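Have a look at the structure below, then the notes.
The values are calculated or read from the model by the stated rules, or taken from the named source; none is laboratory data. Owing to the predicted nature of the structure, the values given are computational and were not obtained by experimental measurement. Cβ sites come from the backbone with ideal geometry, for glycine too, and all protein chains shown count toward neighbours.
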Amino acid sequence: MSFARWIKRSALIVTLLALSGCPSLTTVAPPPSVDRAASLEQSGDIAGAARVYEGLAAQNSGADRNAYLLRAAHAWLGAQRAEEAARVLGGLEGNLTPEQQTERALLLAEIALDRGQIQDAWRQLSAMTTPANVAQAARYRDLKARAALGAGHPEAAEALAREQTEIAPHIALLLPLTGRTNAAAISVREGFLAAWYQAPAAQRLRVRIYDTGTESVADAVTRAAGSGAELIVGPLTREEVIAAAQFAGARPTMLALNFLGPETPAPARFYQYALSPEDEARLAARRVLEDHHRRGVALAPAGDWGTRVLAAFREELTAGGGELIASATIDASRTDYSEAVTQVLGISESQARDRRLEGVLGTKLQFEPRRRADIGFIFSPAPANIERLLRPQLRFHFAGDIPTYATSAAFEPDVRANQDLDGLMFPDMPWMIGGDLAEAVRAAVHDAWPNGGLQRSRLFAFGFDAYRLAAALRNHPGEVDIEGLTGRLSFDAEHRIRRQLTWVQLHDGELRPAPTVAQ
């Protein structure tokens, strides 16, 4: 499916909101999108993600509508709201694909387990055959083992456990498939298995999936190593990756799906791959310097994410001879950022000088506030919903002409929702921008994958590239250089992935190549 066609199908008519304190500005509410759902899932708002998937289902029909409803039901179960999941499944219409039929059956069995209807779940699962889809097969065995124990069939549970622990060479994929980060883990798993299906049958690596939501990282690594794993991919969260780095037992080479902090040394045969916002901030700092800007300001969301991204940007900028002359934080719970904007642009100082002069002269002056004149650039890293509010306010406060840089978090694919972001520049991955590989993968998974090819999220692309990196590490550990969905990928001397991304700029809500760097 082409990028333009996907945009058309996922666009939403949004409600305009007036910004308090800025009467001449309007903005848009965050539209339902797969990226929006993934962002909510990562933040722990699984119920919010389920609502977004339901919103997407309402905008679609046929197989796509059913695919979004299945994702919504899965998210509701992740939020421990089985009745909501059952309600959503009741809205499925028309003919389901074979994979969607299997998905519905698995969800119904999981709902029965959550309701305490163990015997019903056991009967439903016993009537099924093991799914052909690798991910669904793993879920099927897990659910059946749970039902077998509860229904008084310990011998069946033991047989399933033996099947899962059979010793054979394989790639172990460690993900928290249950718990608060399960939805993000599922997106990664879908991308990983999509890459597995894309590989020629003779070259496919045997894959086993281990749920770190139900066992510790140490136990999962021990079990994988003891079952013949040749390489471990995962775990996913930073806390899990730290635990994996501290694992003292014997294990095969590991490709962790997050970066260790600087305070945690990496052990031997420990590779790291992440979609790091700090790395994107460093790319932004280098681009600023390449564009011959030396002095500028920054606005970032309050909290850990904004602090880390701003620190990385400042460090890289300063190392290159640039200077961040002012910065301010944004309260993401608000919609009016005027205080932070006027502070960082120096407008509040201009207004204060005017008030002091009026006090000295004892008369009202004709006054037009001005921003400081030495700002060469603005760095405004923020999620898309914040960026859509911030960009118009920068224009309102006389800063619309200043080159503004961000990270890829600023972009979600929706033309109408991105109209207010015109001029914003940021680096992004081929999966979001488009390209031969992205279009080939999208076309291949559209009809063959259980969710109908709806995986637009960056985490899907992350999982896809994780499989390809695992295959490369297994075959040529010293020669990894891949054109992936998340960028051009290679390992540095510390075995950390470095991604080369493409710089783009928004025009009329659409992505275009950013201007060529001036020499």
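Only one of ASP508, ASP481 is surrounded by fewer than 20 Cβ atoms within 10 Å (Cβ to Cβ) and outside the structural domain of ALA172 (by TED's automatic domain parsing). Can you tell me which?
Exactly one residue qualifies, and that residue is ASP508.
Whether any residue in segment 305-323 is surrounded by fewer than 19 Cβ atoms within 10 Å (Cβ to Cβ), modelled with pLDDT under 95 and among the small types (Gly, Ala, Ser) is what I want to check.
no
Could you tell me which residue of segment 83-103 is farthest from SER43 (Cα to Cα), considering only residues that are over 25 Å from the mean Cα position of the chain (by Cα) and not in a loop (DSSP other than H, G, I, E, B)?
It comes out as PRO98.
Residue-wise test of (1) in a loop (DSSP other than H, G, I, E, B); (2) of a type in the set (A, V, I, L, M); (3) in contact with a helix residue (DSSP H, G or I) (Cβ under 9 Å, 6 or more places away or on another chain); (4) over 21 Å from VAL188 (Cα atoms).
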residue: VAL221; (1), (2), (3), (4): no, yes, yes, no
residue: LEU231; (1), (2), (3), (4): no, yes, yes, no
residue: PRO235; (1), (2), (3), (4): yes, no, yes, no
residue: ALA250; (1), (2), (3), (4): yes, yes, yes, yes
residue: ALA268; (1), (2), (3), (4): yes, yes, no, yes
residue: TYR271; (1), (2), (3), (4): no, no, yes, no
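Can you name the number of the only condition in (1) basic (Lys, Arg); (2) more than 23 Å from LEU489 (Cα to Cα); (3) within 17 Å of the chain's Cα centre (by Cα) that ARG294 fails?
Here ARG294 meets the rest and fails (3).
Can you tell me which residues in segment 123-176 are in a helix (DSSP H, G or I), of a type outside the set (Gly, Ala, Ser) and modelled with pLDDT under 75?
VAL134, PRO154, GLU155, GLU158, LEU160, ARG162, GLU163, GLN164 - these are the residues of segment 123-176 that are in a helix (DSSP H, G or I), of a type outside the set (Gly, Ala, Ser) and modelled with pLDDT under 75.
Within segment 199-210, can one find any residue that is under 20 Å from the mean Cα position of the chain (by Cα), touching a residue at least 60 places away in the same chain (Cβ under 8 Å) and buried (at least 20 other Cβ atoms within 10 Å of the Cβ)?
No: segment 199-210 contains no residue that is under 20 Å from the mean Cα position of the chain (by Cα), touching a residue at least 60 places away in the same chain (Cβ under 8 Å) and buried (at least 20 other Cβ atoms within 10 Å of the Cβ).
Considering GLU263, GLU278, GLU315, GLU290, which residue is among the acidic types (Asp, Glu) and touching a Lys or Arg at 6+ places or on another chain (Cβ under 7 Å)?
GLU278
For segment 199-219, enumerate the residues that are outside any loop (DSSP other than H, G, I, E, B) and modelled with pLDDT under 85.
ALA201, ALA202, GLN203
Confirm whether PRO301 is under 30 Å from THR253 (Cβ atoms) and touching a Pro at 6+ places or on another chain (Cβ under 9 Å).
no
If the requirement is being without any contact (Cβ under 8 Å) to a residue 60 or more places away in the chain and either part of a helix (DSSP H, G or I) or farther than 21 Å from LEU459 by Cα (or both), which of these qualifies: GLU280, GLU315?
Sole residue among the options that is without any contact (Cβ under 8 Å) to a residue 60 or more places away in the chain and either part of a helix (DSSP H, G or I) or farther than 21 Å from LEU459 by Cα (or both): GLU315.
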